[in-house]
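Engineer: Sending over a structure as structure tokens; questions will come in a sec.
The values are calculated or read from the model by the stated rules, or taken from the named source; none is laboratory data. Quantities reported herein were computed from a predicted structural model and do not represent experimental measurements. Please note: Cβ atoms are built from the backbone with ideal geometry, for glycine as well, and neighbour counts cover all protein chains shown. Calculation scope for accessible area: heavy atoms of the full protein, side chains included, ligands and nucleic acids excluded. Shrake-Rupley method; radii C 1.70, N 1.55, O 1.52, S 1.80 Å.
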Amino acid sequence: MSSHTSLADAQQRAALHAPFLATAMERNPDLLARLGETGLDACLAWLGEQDAALPVSQALRRRKNALALVLAIADLAGMVTVDQVTRVLSDFADQALDAALADVIARRTPDAGVQGFAVIALGKHGGQELNYSSDIDPIFIYDPATLPCRGREEPADAAQRIARQLIDMMSARDGDGYVFRMDLRLRPAAEVTPLAIPVDAALSHYESQALTWEQAAFIRARAAAGDRVLGQYFMDSLRPFIWRRSLDFGTIDEIAALTRQIRDHYNKGQLLGPGFDLKRGRGGIREVEFFTQAHQLIHGGRNPALRVRSTFDALQALAAEGIIPAQEADLLAGHYRTLRTFEHRLQMVDDQQTHSLPHDPAALDNVARLHGLSDGPALVAALEPVTDDVAKIYDGLIASQRGQGDDHGVQLSNDPELLAEALAHAGLDQAEALAERVQAWRGGAVRALRTGAGRKAFEEVLPALLAAFAEAPDQAAAINRFDDLLRHLPSTVNVFRLLQARPALMQTLIDILSHAPPLAESLARRGDLLDGLIDASAFDLVGSVEQIVQRLSREEPGDDYQQRLDAVRVRVGEMRFALGVQLIEGKHDPVDIAGGYARVAEAAICRLADCAVREFTAVHGEMPGSEPVILALGRLGGGALTHASDLDLIFLFSGEIGEESDGKRPLGSTQYYNRLAQRIIAALSVPTAAGALYEVDTRLRPNGAQGLLAVSFASFAEYQREQAWTWEHMALCRARVVYGSDESRARLEAIIGDVLNAERSAEAVMAAALKMRTDIAAHKKPLGPLDVKLLPGGLVDLEFIVHTLQLVHHKGFHPDLRLAIDALVQQGLVDPSLASAHDLMTRLLVTLRLVAPDCSTPPVASQVLVARACGCENWAMLLASVESARAGVQTEWQRLFGASAPASSA
């Protein structure tokens with residue numbers, strides 16, 4: 001097959017099976033023609049020369065998008081190997097970091113060069129093995145003596161500001177996307193240290209306090225960007241820490257524990273098939289990497305030839321030095337390449353950092369066909385010998401390390417057999433396996449239990465904890481998630497002491513672990529979330545938006561912008577967690593919980609927008625006679641979010657176009673408000689050490705993703721009158737101003753009212769609505785059998801009915817769907833049953849986002865909880881009620897449109 005034929009086939013597969021790549025091809029129609037004409041190397045070189053005149057942030061985002069497209073199509077066409085792809089992506093990450101850091105420093109201190117600040121790459125970035133959708137895991141170090149500072153600025157403050165700006169430039173999403181997501185949790189003592197660390201303090205940590213996993217992490221570390229002299233000094237100084245000439249028995253024990261921990265923690269009986277995790281599953285990517293790194297750790301201190309970063313290079317070196325058989329090295333390298341290739345196929349589909357084969361057969365078929373296979377079973381069949389071989393080789397590593405490192409339980413206070421008998425007597429299932437897990441917890445397999453205080457607190461609460469597990473509705477789920485909790489929390493002392501002091505919280509914890517995976521994940525990131533449940537008021541619904549804003553606005557003296565943002569993240573996280581617990585514990589109607597989620601989000605927007613405006617105007621001044629206004633649509637506009645909802649926002653501004661701000665760095669009104677909108681979006685969505693808040697979706701703005709991020713009232717009104725599609729007017733039916741002065745709110749509401757009340761052809765509205773719903777059915781499939789949002793007769797169909805009637809009859813305009821339905825019922829335009837159908841399906845949607853986020857049938861133990869939350873006596877009654885509600889919606893659809901609602905194809 002010729003290269004052009006291969007490219008054509010690759011483009012066709014991408015267009016059919018990878019929405020992310022299909023969109024990229026539409027936006028870059030000439031790019032792939034250049035690839036075919038000039039070849040990959042010339043095309044990549046050409047890309048590096050483009051967009052030089054653009055701002056650095058925009059240029060990097062555009063180059064990343066183009067690079068991802070070119071590499072993906074070349075990969076699908078067989079023009080490039082997976083290790084070449086990962087090397088090119090890693091090299092670009094280095095270049096992007098260098099360019100972004102240089103831009104940050106130049107804007108802060110124009111006369112200074114890039115010195116005194118270095119980026120150390122770890123993980124796949126360090127090994128130059130980045131995926132299509134990888135995060136990068138950097139450590140920022142700085143030299144206080146050479147770091148460029150402003151005026152009287154302290155080096156520590158300057159370093160943190162540079163770090164935050166660098167993170168924003170790399171990770172913040174805008175109309176051009178993002179460059180790379182950044183995860184700084186691998187820095188020393190990440191839970192307490194600042195984003196950037198003085199080089200001497202970092203070295204002191206690794207020389208005196210570091211743990212075995214940190215030693216392993218630095219096998220692939222390198223100075224990737226910034227001051228290379230400083231970065232190399234750091235790496236050279238760390239060499240004795242990474243590559244120790246001899247390992248004491250304690251370290252060997254820890255290596256053995258790490259190998260067993262990875263297998264036990266991530267596999268949990270997982271079999272190859274739909275849902276299999278290519279990264280963490282048995283025989284997956286992680287096992288190849290850890291097999292390689294474990295041998296490097298053991299032998300690399302005495303053998304410098306093994307001190308290489310890439311997994312492929314390391315396997316070759318291990319074979320060359322006779323440490324592993326050459327055949328084994330070749331087998332692992334080939335299988336690693338296969339696993340990484342299929343991992344890339346998963347990520348090409350939607351640019352998501354995913355590693356798991358889809359559960360849905362159609363989605364699995366889609367990934368297989370993107371690769372060029374016939375269907376999902378063929379993909380699984382191709383992986384079967386790969387994972388079998390890797391698992392067998394990894395089993396041998398575990399067995400060998402167990403022989404070297406075990407001390408036959410001498411350090412354990414309880415005999416394993418007696419412990420298993422006691423657990424069985426207490427009513428715990430699989431007592432022998434659980435006894436092994438408890439012994440692993442006690443034996444130091446969990447970082448948080450390695451201190452004397454941690455072990456003491458754990459032992460004190462363990463009897464009550466095991467008794468609670470025995471009563472759990474789903475023992476296996478609760479214990480597995482508790483294991484996750486232990487492994488992710490930096491410290492468990494406070495959590496265990498809290499459970500001991502407040503025994504009632506034990507049941508709440510068990511309910512969270514048994515029923516609500518998203519809440520369990522939140523708790524694993526922040527154990528202090530349990531603290532907020534001590535007071536009885538924690539089970540009260542959140543107050544008004546104004547009350548929440550007041551709570552979010554509390555500041556400590558001297559707080560800077562980032563500290564204010566982090567404080568909001570912490571408090572919003574606490575409120576969202578508490579609302580989720582209220583739902584799981586049956587304290588409130590899920591519809592009311594949804595209203596609470598929306599009020600918290602609106603308050604967060606108000607507070608963070610205020611913070612961003614304050615920071616922005618300090619540099620650029622105010623815009624005379626004008627102000628920013630934020631319009632919410634979708635579920636936020638309707639005042640009813642789920643735990644997982646993103647925020648549909650439109651950014652606008654009052655006043656005239658052409659004015660200029662009055663600050664020391666003035667901007668024209670359009671540029672001013674578009675930059676301010678980016679700042680607000682970053683405040684809402686960019687993760688920091690305090691966590692992330694919300695995904696922000698601005699695609700409903702005028703002209704969608706191609707339009708300006710922020711537009712004037714006049715431009716918005718003109719667009720809605722003259723250019724907007726009917727579906728955009730339908731979206732306006734749930735529009736609600738969430739930020740802006742009373743005057744601006746009134747003006748914008750008047751504009752929206754005029755648009756919605758304009759005369760329309762009823763036939764045209766219904767035809768447009770039917771077409772839009774058909775398009776949704778074709779491109780957006782239900783997540784699972786209980787996806788009452790997208791299933792026929794579900795909430796989307798109900799919303800289309802309501803919005804069509806609103807636009808045709810000019811009745812019932814209210815962003816709250818419940819109030820809109822009530823008004824339409826009073827006008828005799830819909831059957832009263834639509835109101836109860838809406839409430840039932842909303843309750844189910846809100847509950848499932850916590851209990852079964854994939855909308856699959858929840859475990860039997862959780863079905864009672866879901867049925868109760870929806871007002872039904874049992875699961876069978878709930879299913880019957882949902883079917884009845886959907887049938888009622890379908891009847892209304894038939895009555896309005898004269899045809900059945902479009903259904904998603906299989």
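Engineer: So which of K64/K781; K64/K392; K587/K789; K392/K781; K64/K789 end up more than 32 Å apart by C-alpha?
Structural biologist: K64/K392; K392/K781; K64/K789
Engineer: Pull out a ≥ b ≥ c, the square roots of the eigenvalues of the alpha-carbon gyration tensor of the stretch 657-755, then state rounded if a/c is under 1.5, prolate if not and a/b is larger than b/c, and oblate in the remaining case.
Structural biologist: oblate
Engineer: Also, I was wondering about something else. Short version: ³J(HN,Hα) in whole Hz for each residue of the stretch 604-613, in order, from phi by Karplus 6.51 cos²θ - 1.76 cosθ + 1.60 (θ = phi - 60°), x for Gly and Pro, what are they?
Structural biologist: Residue by residue, the stretch 604-613 yields 4, 4, 4, 5, 5, 5, 4, 4, 5, 4 Hz.
Engineer: Now, a different point. At R0 = 30 Å, how high is the FRET efficiency between D41 and Q353 if r is their beta carbon distance? Nearest 0.05 is fine.
Structural biologist: In this case the efficiency is close to 0.60.
Engineer: Still on this structure, please answer the following. List the GluC sites (Glu not before Pro) within the stretch 731-781 that DSSP assigns to loop and that have no more than 15 neighbouring Cβ atoms inside 10 Å.
Structural biologist: E759
Engineer: Looking at A768, G334, A692, which one has the Cα that reaches farthest to the positive end of the dipole of the chain (charges on Cβ: Lys, Arg +1; Asp, Glu -1)?
Structural biologist: G334
Engineer: Please work out the average accessible area per residue across the stretch 550-691, using the 1.4 Å probe convention, and give it in Å². Kindly include the intermediate steps, with their values, before the conclusion.
Structural biologist: Details: 4940 Å² over 142 residues.
Here the residues of the stretch 550-691 average 35 Å² of exposed surface.
Engineer: How about the stretch 519-594: which GluC sites (Glu not before Pro) there lie in a loop by DSSP and see at most 12 other Cβ atoms within 10 Å?
Structural biologist: Hits after loop and neighbour filter: E555.
Engineer: At a 10 angstrom cut-off on C-beta neighbours, averaged per residue, how do the peptides 369-375, 634-640 rank from highest to lowest?
Structural biologist: Packing proxy ranking, top to bottom: 634-640, 369-375.
Engineer: If you don't mind, there's one more thing I want to ask. Nearest-5 percent of antiparallel DSSP beta bridges in the chain?
Structural biologist: Close to 70 percent.
Engineer: Moving on to the next point. What distance in nm separates the two pseudo spin-label positions at D9 and R228, each 7 Å out from Cα along the beta-carbon direction?
Structural biologist: 4.1 nm
Engineer: If I stretch the segment between Q507 and D395 completely, what's the gain in nm (0.36 nm per residue apart, minus their alpha carbon distance), one decimal?
Structural biologist: 36.6 nm
Engineer: Here's something else I'd like to know. Given 10 Å bins starting at zero, what is the percent of C-alpha pairs of the chain in each, up to the one with the largest pair distance?
Structural biologist: 2, 11, 19, 25, 23, 14, 5, 1, 0
Engineer: Tally up the carbon and sulfur contribution to the accessible surface of the chain as a whole percent, 1.4 Å probe, everything protein left in place. Walk me through the numbers before you get to the answer.
Structural biologist: On the way: 18790 of 37500 Å².
Of the solvent-accessible surface of the chain, carbon and sulfur hold 50 percent.
Engineer: If I take R0 = 25 Å and measure r between the Cβ atoms of A899 and R760 in this structure, what FRET efficiency does the formula 1/(1 + (r/R0)^6) give, to the nearest 0.05?
Structural biologist: 0.80
Engineer: Right, another one. If you add up the charges near F140, with Lys and Arg at +1 and Asp and Glu at -1, over every other residue whose beta carbon is less than 13 angstrom from its beta carbon, what do you get?
Structural biologist: With Lys, Arg at +1 and Asp, Glu at -1, the net is 0.
Engineer: Let me ask something else about it. Sum -39500 (n - 2.57) across every DSSP H segment of at least 4 residues in the chain, then divide by the residue count to get the 222 nm mean residue ellipticity, nearest 500.
Structural biologist: Result for the chain, helices only: -19500 deg cm²/dmol.
Engineer: In addition: Can you tell me the relative contact order of the chain? Whole percent, Cα pairs under 8 Å, sequence separation 6 or more.
Structural biologist: 8 percent
Engineer: If you rank R665, R34, R843 by how much accessible surface each has, with a 1.4 Å probe, what is the order from largest down?
Structural biologist: Output order, biggest surface exposure first: R665, R34, R843.
Engineer: Given the whole protein assembly as supplied and a 1.4 Å probe, what does the accessible area of L865 come to in Å², nearest 10?
Structural biologist: The accessible area comes out at roughly 10 Å².
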